[in-house]
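See structure below.
The values are calculated or read from the model by the stated rules, or taken from the named source; none is laboratory data. Everything numeric here is computed off the predicted structure, so don't read it as measured data. Every residue, glycine among them, receives a Cβ derived from its backbone with ideal geometry; neighbour counts consider all protein chains shown. These area figures cover heavy atoms from the full protein model, side chains too; ligands, DNA and RNA do not enter into them. Shrake-Rupley method; radii C 1.70, N 1.55, O 1.52, S 1.80 Å.
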Amino acid sequence: MSTVGEAWAYLTTWENWTGANGITTPTFDGGWRFAQDSIIALTLEHIWMSFAAVAIAVAFALPVGVLLGHIRKGGGATVVISNVSRAMPTLALLTLFAASAIGFGNRAVILAAAIFAFPPILTNAFTGMSGVDPDIREAALGQGLTRFQVATRVELPLAVPLIAAGLRTATVQTVATVPLAALVAGGGLGVIINRGLATQRYGEVLAGAVLVAALALATDAVMARLQRAATPAPLREAATAAA
Amino acid sequence: MDAPENPWFSLDYLQRNTEEVVDQLAIHATLTLQALAIAFLIAFPLAVIARRIPRLSGPIMGISGILYTIPSFALFGLLAPFTGIGRTTVLIGLVAYALLVLVRNIVVGLEGVDRDVTDAARGLGYTPTRLLFQVELPLALPSIIAGLRIAAVTTVALVTVGVVVGYGGLGQLMFRGLQSDYRAQIMTATLLCLALALVLDLLLALAGRLAMPWQRRRVAA
């Protein structure tokens, strides 16, 4: 059978979606983990890992970016951070983690993905906040708003389109990074590709790749819609140009 | 019982494995340069077409955008069954990723050329080809160089994912270091990766400065 035919057969076999023993498997310590032989479970695990990574990155990057953007300092530092993160291979961070005390598995992958999701959120929050027209700031201050009110009620709403664009970049990138987890004994859809390569069942490799690609494109479409919804109509053109 | 020593930095590792490290570094560097060159040769005509025929600009940007969104791990997986395990697969993947950044930056650069300048050149009797290469291209260079620098740095990082198909340059060392829990091997490969990205970035910046002497004068003035 051809590779494409094998991939089709893999994807159209219901047991491959549900797994032989359901979506979860018990672990030795009494807990549970996602079954690694079920496409549904691996997809859920993939989404969960991506969500956790982005949530961690948002929790740290958003306040810092908003604060730095408000006081308009640290622009150089954000540029350096995003440049270095671009040069740092994800695999390097994963293998460094695995060889250190952080260890293998999903937790290490979530941490690594969060580190890579940090720069786009930080940079866009900073650019969005610091790019607000100084006249608008002054007008708000002149009307008697405190600095905190200026930041939260004037600058932040105007920065939302760029922040949403950063969130989209970070999320799509994270969904694309999580498959590497398979190389360091983690879960997610990368497992299917890695297993197929290891067992030379290239139909499965193809099927896994299609699933990962579909998830990434779907995530991008959803995030694009969210980004659009978060952007007021008059600002839409500017936001597209900046993204 | 004492655990065996497993330092992060080891000159001993480097001395014992110089040959292998240099080999993988060379593979990494040549793969990056080759991918950049091919990507540029594809991106440039695409950008010119996208600019000349606005109707095609949507599909061109859309397709390169989709290629960019597909995770590298998946793309290598998609290609492996057809192009096999090895250099070709990694190269195609790298070219696909560099494409979007390059096309976008070339288009932005060409769009930024002052209309008055192109009108003047056309009035002087420049043919479209001569206009492109002697007027528009030089004026678009800052944006093109910026795109090349971004593409170079991301490509260096992406090569490592090639381990999936057994051809990841320095990523190969990282992965083997992971399997044998050899910290010095992982750290050496990581630092060399970062250094390679930095060197390529600086070289491209330098090439840009040499190719655009007029920019230097403007900064000095």
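Would it be correct to say that residue A:88 is at pLDDT below 85 and within 14 Å of chain B (Cβ to nearest Cβ)? Explain how you work it out, then say what you get.
Details: at pLDDT below 85: no; within 14 Å of chain B (Cβ to nearest Cβ): yes.
So residue A:88 fails the test.
List pairs: first in region B:45-72 and over 22 Å from residue B:130 (Cα atoms), second surrounded by 12 or more Cβ atoms within 10 Å (Cβ to Cβ) and among the hydroxyl-bearing types (Ser, Thr, Tyr), Cβ under 7 Å, 6+ apart or cross-chain?
What qualifies is B:68/B:97; B:72/B:97.
Residues to consider are A:44, A:62, A:68; find the one that is more than 18 Å from the chain's Cα centre (by Cα) and crowded, with 16+ Cβ neighbours inside 10 Å. Even if it seems obvious, please write down each step before you answer.
Numbers: A:44 fails: more than 18 Å from the chain's Cα centre (by Cα); A:62 fails: more than 18 Å from the chain's Cα centre (by Cα).
Result of the check over A:44, A:62, A:68: A:68.
The conditions are (1) in contact with a Ser or Thr (Cβ under 8 Å, 6 or more places away or on another chain); (2) at pLDDT below 90, and residue B:106 fails exactly one of them. Which is it?
Result: residue B:106 passes all but (2).
Is it the case that region A:20-27 has a residue that's over 17 Å from residue A:189 (Cβ atoms) and either in contact (Cβ under 8 Å) with a residue 60 or more places away in the chain or among the aromatic types (Phe, Trp, Tyr) (or both)?
no
Answer with yes or no whether residue B:153 is closer than 30 Å to residue A:191 by Cβ, within 12 Å of another protein chain (Cβ to nearest Cβ) and in contact with a Lys or Arg (Cβ under 9 Å, 6 or more places away or on another chain). Even if it seems obvious, please write down each step before you answer.
Numbers: closer than 30 Å to residue A:191 by Cβ: yes; within 12 Å of another protein chain (Cβ to nearest Cβ): yes; in contact with a Lys or Arg (Cβ under 9 Å, 6 or more places away or on another chain): yes.
Yes; evaluated as a whole, the condition is true for this residue.
Would you confirm whether or not region A:9-23 contains a residue that is closer than 30 Å to residue A:138 by Cα and crowded, with 16+ Cβ neighbours inside 10 Å?
Let us first name the residues in region A:9-23 that are closer than 30 Å to residue A:138 by Cα, namely none.
Taking every residue of region A:9-23 in turn, none turns out to be closer than 30 Å to residue A:138 by Cα and crowded, with 16+ Cβ neighbours inside 10 Å.
Can we say residue A:61 is part of a helix (DSSP H, G or I) and closer than 30 Å to residue A:150 by Cα? Reasoning before the result, please.
Numbers: part of a helix (DSSP H, G or I): yes; closer than 30 Å to residue A:150 by Cα: yes.
Yes; evaluated as a whole, the condition is true for this residue.
For residue A:180, which of the numbered conditions (1) buried (at least 24 other Cβ atoms within 10 Å of the Cβ); (2) at positive phi fails to hold?
(2)
With respect to residue B:200, is the statement that it is open to solvent by 50 Å² or more (accessible area, probe 1.4 Å) and in a helix (DSSP H, G or I) true?
On the way: open to solvent by 50 Å² or more (accessible area, probe 1.4 Å): no; in a helix (DSSP H, G or I): yes.
Spelling it out, it is not the case that residue B:200 is open to solvent by 50 Å² or more (accessible area, probe 1.4 Å) and in a helix (DSSP H, G or I).
Here is a yes/no grid of residues against (1) facing chain B (nearest Cβ under 10 Å); (2) over 13 Å from the mean Cα position of the chain (by Cα); (3) farther than 30 Å from residue A:137 by Cα:
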residue	(1), (2), (3)
A:149	no, yes, no
A:192	yes, yes, yes
A:199	no, yes, yes
A:216	yes, no, yes
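What is the number of the single condition among (1) touching a residue at least 60 places away in the same chain (Cβ under 8 Å); (2) more than 30 Å from residue B:195 (Cα to Cα) that residue A:112 does not meet?
Looking at each condition in turn, residue A:112 falls short on (2).
What is the one condition in (1) without any contact (Cβ under 8 Å) to a residue 24 or more places away in the chain; (2) among the aliphatic types (A, V, I, L, M); (3) more than 24 Å from residue A:204 (Cβ to Cβ) that residue B:102 does not satisfy?
Answer for residue B:102: the failing condition is (1).
Here is a check on your reading of the model: is residue B:186 of a type outside the set (Lys, Arg), facing another protein chain (nearest Cβ under 8 Å) and open to solvent by less than 20 Å² (accessible area, probe 1.4 Å)? Break it down stepwise before answering.
On the way: of a type outside the set (Lys, Arg): yes; facing another protein chain (nearest Cβ under 8 Å): yes; open to solvent by less than 20 Å² (accessible area, probe 1.4 Å): yes.
Considered against the rule, which asks whether it is of a type outside the set (Lys, Arg), facing another protein chain (nearest Cβ under 8 Å) and open to solvent by less than 20 Å² (accessible area, probe 1.4 Å), residue B:186 comes out as yes.
From the list B:168, B:177, pick out the single residue that is crowded, with 18+ Cβ neighbours inside 10 Å, in a helix (DSSP H, G or I), within 14 Å of chain A (Cβ to nearest Cβ) and at pLDDT below 90. Even if it seems obvious, please write down each step before you answer.
Values: B:168 fails: in a helix (DSSP H, G or I).
It is B:177.
With the requirement that a residue be farther than 23 Å from residue A:165 by Cβ, open to solvent by 30 Å² or more (accessible area, probe 1.4 Å) and touching a helix residue (DSSP H, G or I) at 6+ places or on another chain (Cβ under 8 Å), what does region A:101-124 give you?
A:102, A:104, A:106, A:111
Please go through region B:107-136 and give me each residue that is more than 21 Å from residue B:201 (Cα to Cα), in contact (Cβ under 8 Å) with a residue 24 or more places away in the chain and open to solvent by 40 Å² or more (accessible area, probe 1.4 Å), ordered by number.
Across region B:107-136, the qualifying residues are B:111, B:112, B:114.
Report, by residue number, each residue of region A:197-208 that is more than 16 Å from residue A:43 (Cβ to Cβ) and either crowded, with 20+ Cβ neighbours inside 10 Å or of a type in the set (Asp, Glu) (or both).
Let us first name the residues in region A:197-208 that are more than 16 Å from residue A:43 (Cβ to Cβ), namely A:197-203, A:205-206.
Correct list: A:197, A:202, A:203, A:205, A:206.
Within region B:1-106, which helices (runs of 4 or more DSSP H) (wholly inside it) include 3 or more residues that are of a type outside the set (Ser, Thr, Tyr) and surrounded by 13 or more Cβ atoms within 10 Å (Cβ to Cβ)? Break it down into steps so the answer makes sense when it comes.
Values: elements: B:11-16, B:18-52, B:54-69, B:72-83.
Filter on region B:1-106 gives B:18-52, B:54-69, B:72-83.
Could you tell me how many of the residues in region A:95-123 are at pLDDT below 85 and more than 12 Å from chain B (Cβ to nearest Cβ)? Walk me through how you get there before you give the answer.
Pass one, region A:95-123, residues at pLDDT below 85: A:98-105.
If we keep only those that are more than 12 Å from chain B (Cβ to nearest Cβ) too, we end up with A:102, A:105.
Count: 2.
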